Amino acid sequence: MKYYSILLLALFSFSSCNKILDQQPQSQIDPADAFSTRAGVEAGLIGIYDGLQAQDYYGLHYWVFADLYADNLSHTGTFPTFAQVANKQLLADNVNITNMWNVMYNMINRANNVIKQAQQLNDPLFDKSGALAQARCLRALCYFDLIRYFGGSATGYNKANGAGVPLVLEPTINVTDATPKARATEAEVYTKIIEDLDFAMANLPASAANGRLTKNAATALKARLQLYREQWEEAETLSTAVISQFAALPNGGLVNGIDYTNLWLQKNAKPESIWELQFFTDDANSGAFYYYTGAFGGRNEIASTASLGAAHETGDVRLPVNRTVAAPGIPANKTRKFSRVAGDDNVILIRLAELYLIRAEARARKTVPDIAGAQADLNLIRNRAGLTNTTAVTVTDLVTAVRNERRVELAHEGHRWFDLRRYNRYADVGITEPHRSLFPVPQREVLSSGNVIKQNTGY
């Protein structure tokens, strides 16, 4: 199994004597020792956050593949693994997909270690609840992200008999701990995600250093989860809990349309940026490098599609951000959301505009639709983009309008494919085989588990 790192003891024998020495490995440390102090737990938390930055997670592949498997990105490079994604013909041995799975389970194991050890730490200066809240929220994010690609059913999320992923809630320290676990159901995974997010919402601070989790971040993530689960009333309530703090501000807390690009150029634009992953030139991501052409220092692996450009209405200020025209320092058909080839663009994990769109959809689709409320949320996003109010007046038309608005507002942020899955519209991007709405479980996981971990049907 490759869920996570396993710590092993080494036995060495020497021909010069008959004794066998038990020698502890010098490059590893027992978790009980590593997290025995406040400083150790804090270092462990940093290690969990660090996993988010991996190239196979939010450093690149997780959000890129969600647009590349849909219709926002095209493959303009040479990587065969990217070609599989773009062509909607994934193989179970795709190394990027395998690494993505492993990175998330590695993060989960780091979180499990911190959770277990932090509970045993007695230090009056230690914010035990806050540390546990961060670890549990990060674990919840990983499980939700695993479900978004590998779980659910061919018709979407939270349906009957939806597939889950292995649910690992204890740290993996030795070989016995690494015994393969069968996949839980989708519902079982959601139960644990909700438990972790509820704990996080109750124990995270209102504000924190850039990149660290806050109560608003956990609340926003749960609003997103409940949108996927079609729990419309709760999705509305949760998004409102965050939105209401900024609703009286100009543009409802959103940056001005003329400053739209500054969400990414400026970094940490508050209050719109709710949770933003921090990158620096010495701790970089590969976003702009994969977009930009060789003449601009990149490798030209991906580009914005003409279809994405056409999805914008006339006068939409987001168009030149989502699909560039050639200009000094800027190649054509890329994005301004990632423009620093040195890799120090931040990655916004969740922002206020998404919450307005979550609430708009929830208001339209709940048991007693709130048409006016849905229109107001949708119009706020549209007006910021320089567009007139929506003409949608029915539930069906409003849901369509929200889907279209989500495509252009959240382009290059890793939402498009998951939205198509939610709406059961995978055929919109040319997929004719329903099983391909789920990504394949990495073949290495299936084989190394002795088929304890079952492959998704059809692969």
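Structure notes:
- Radius ratio Rg over Rh of the range 110-192, counting only Cα atoms, Kirkwood formula for Rh: 1.07
- C-alpha long axis of helix 395-409 to longest principal axis of the chain, angle in °: 70
- Compactness index (Cα Rg / 2.2 N^0.38 Å), the range 153-214: 1.49
- HN-Hα J in Hz across the range 339-355 - Karplus 6.51, -1.76, 1.60, θ = phi - 60°, x for Gly and Pro: 9, 9, 5, 5, x, 9, 5, 6, 10, 7, 7, 7, 9, 4, 4, 5, 5
- Quotient of C-alpha Rg and 2.2 N^0.38 Å, computed over the range 286-350: 1.09
- Taking the fewest neighbouring Cβ atoms within 10 Å as the starting point, the ordered list for GLU276, GLU433 is GLU433, GLU276.
- Projected onto planes of every orientation and averaged, the convex hull of the alpha-carbon atoms in the range 388-459 covers 6.8 nm².
- The C-alpha atoms of the range 192-351 occupy a region whose extents along the principal axes are 49, 40, 30 Å, arranged from largest to smallest.
- Directionally averaged shadow of the range 263-388, computed from the convex hull of its alpha-carbon atoms, nm²: 9.0
- A convex hull fitted to the Cα coordinates of the range 201-285 yields 124 cubic angstrom per residue.
- The long axis of helix 371-384 is offset from the longest Cα principal axis of the chain by roughly 90 degrees.
- Aspartates and glutamates whose Cα lies under 20 Å from that of LYS366, excluding same-chain neighbours fewer than 8 positions away: GLU230, GLU233, GLU234, GLU236, GLU354, ASP377, ASP397, GLU405, ASP419
- Positive-end extreme of charge dipole, the range 78-146 - chosen from ILE97, GLN134, PHE79 (charges on Cβ): GLN134
- 10 °C / 1.306 mPa s Stokes-Einstein diffusion coefficient of the range 40-148, Kirkwood radius on C-alpha pairs, µm²/s: 104
- Total formal charge among the other residues, if their Cβ is under 10 angstrom from that of ALA385, Lys/Arg +1 and Asp/Glu -1: -1
- Taking every Cα-Cα distance in the chain and sorting them into 20 Å bins starting at zero, the pair-distance distribution P(r) comes out as 24, 57, 17, 2, 0 percent.
- In the chain, helical runs assigned H by DSSP with n ≥ 4 each contribute -39500 (n - 2.57); averaged across all residues and rounded to the nearest 500, the mean residue ellipticity at 222 nm is -13000 deg cm²/dmol.
- Charge dipole (debye, nearest 20) of the chain; +1 at Cβ of Lys and Arg, -1 at Cβ of Asp and Glu: 500
- Helix 128-150 axis, angle to the chain major axis (alpha carbon atoms, nearest 10°): 70
- Relative contact order, whole percent, for the chain stands at 19, derived from Cα pairs under 8 Å and 6 or more residues apart.
- Farthest toward the positive end of the dipole of the chain, out of LEU352, PRO328, ILE431, is the Cα of ILE431, where the dipole comes from beta carbon charges about the Cα centre.
Throughout, read-outs are computed from the coordinates displayed, never taken from laboratory work. Please read all numbers here as calculations on a predicted model, not as lab measurements. Neighbour counts run over all protein chains shown; Cβ positions are idealised from the backbone, glycine included.
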